[in-house]
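A.B. asks: Sharing a structure below in structure tokens format, with a few things to ask.
No lab work stands behind these numbers, since they all come straight from the coordinates. Here the structure is a predicted model, which is why all the values come from computation and not from measurement. No Cβ is skipped: glycine too gets one built from the backbone with ideal geometry, and neighbour counts run over all protein chains shown.
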Amino acid sequence: MASPRTVHSRSSSSDARKPDVPRDIAANRKARHDYEVLDSWEVGIVLVGSEVKSLRAGRVNFGASYAEFEGGELWLVALQITEYAPSSQFGHAQQRRRKLLMHAAELSRLRDKVRDPGMTLVPLRLYFMGSTIKVELGLCRGKKDYDKRDSMKERDVKRELERAKRNWNG
């Protein structure tokens, strides 16, 4: 009679495998500079295998990407995911439209908010939630130039205060 084998599981200390800890792929810092973010949602995204491989390598560019409604569905437009070289002929188009996944009730509420003048949907960041890839989608209003200068001034003042606090305590 064969003795039962003991199965050892590898315990990983990295947060990448934990389903409830997000791991950032990329953040759209320009969106936070150009837009005032009023609200944000976590949405799923439909991808092909080579796109996932490229995202794991961090090969993504937000550029002028945005989300729009078409036919009752939400689509992410102009997000550039660079081709994954080893997939060669089975690769993907770099700037194709990608479907975003939300509950129907959330979609209808979001559609009503986007209809207001000056509102747009902008992807703020891409991240792994366990093994799935999520998009943080923000409801945004464009900033005027003077608003951008005000936020830069506030950031500089905050930085100076932190620096003074460190030097005072040190």
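A.B. asks: Rounded to whole Å and ordered largest first, report the semi-axes of the equivalent ellipsoid of the chain derived from its Cα gyration tensor (root of 5λ). Please list the in-between numbers first.
C.D. replies: Working: eigenvalues 233, 145, 57 Å².
Ellipsoid semi-axes (Å, largest first): 34, 27, 17.
A.B. asks: Would you look at the GNM of the chain, springs on alpha carbons closer than 10 Å, and say which of G72, G142, G44 moves the most?
C.D. replies: Looking only at G72, G142, G44, the biggest GNM fluctuation is shown by G72.
A.B. asks: I've got another one for you. Between K153 and R111, what is the label-to-label distance in nm when each label sits 7 Å out along the Cα-to-Cβ direction?
C.D. replies: 4.2 nm
A.B. asks: Another question about this same structure. What is the spin-label model distance, in nm, from R141 to W168 if the labels are put 7 Å beyond Cα along the C-beta direction?
C.D. replies: Distance between label points: 3.5 nm.
A.B. asks: Another question, then. If you place +1 on the Cβ of every Lys and Arg and -1 on the Cβ of every Asp and Glu, how big does the dipole about the Cα centre of segment 22-170 come out, in debye to the nearest 20?
C.D. replies: Details: 29 positive and 21 negative charges, 102 e Å.
The dipole magnitude comes to about 480 debye.
A.B. asks: Also, I was wondering about something else. Can you tell me the 0 to 90 degree angle between the C-alpha axis of helix 104-114 and the longest principal axis of the chain, rounded to 10?
C.D. replies: 20 degrees
A.B. asks: Towards the positive end of the charge dipole of segment 30-168, with charges on Cβ (+1 Lys, Arg; -1 Asp, Glu), say which of A164, I133, H33 has the farthest Cα.
C.D. replies: A164
A.B. asks: Could you pull out every residue, at least 5 positions away or on a different chain, whose amide H is within less than 5 Å of the one on Y84? Hs are placed 1.01 Å off N in the peptide plane, and Pro or chain starts have none.
C.D. replies: Those lying under 5 Å, H to H, from Y84 are H92.
A.B. asks: So, one more: Can you list residues whose amide H is under 5 Å from R125's amide H, if they're 5+ apart or on another chain and H is modeled 1.01 Å from N?
C.D. replies: N28, E136
A.B. asks: Another question about this same structure. Just going by the charge dipole of the chain, with Lys and Arg at +1 and Asp and Glu at -1 on Cβ, which of G118, Q89, A67 is farthest out on the positive end?
C.D. replies: Most positive-ward Cα: Q89.
A.B. asks: When the helix-only estimate is applied to the chain (DSSP H runs of n ≥ 4, each -39,500 (n - 2.57), divided by the residue count), what is the mean residue ellipticity at 222 nm, nearest 500 deg cm²/dmol?
C.D. replies: Working: 4 runs with 50 residues, N = 170.
Per the formula, -9000 deg cm²/dmol.
A.B. asks: Sticking with this one: Could you list the residues of segment 133-156 with an amide nitrogen less than 19 Å from a label point located 7 Å from the Cα of H33 in the Cα-to-C-beta direction?
C.D. replies: 138, 140-156
A.B. asks: What is the distance, in nm, between label points placed 7 Å from the Cα along the Cα-to-Cβ direction at E70 and at Q95?
C.D. replies: Output for this residue pair reads 1.4 nm.
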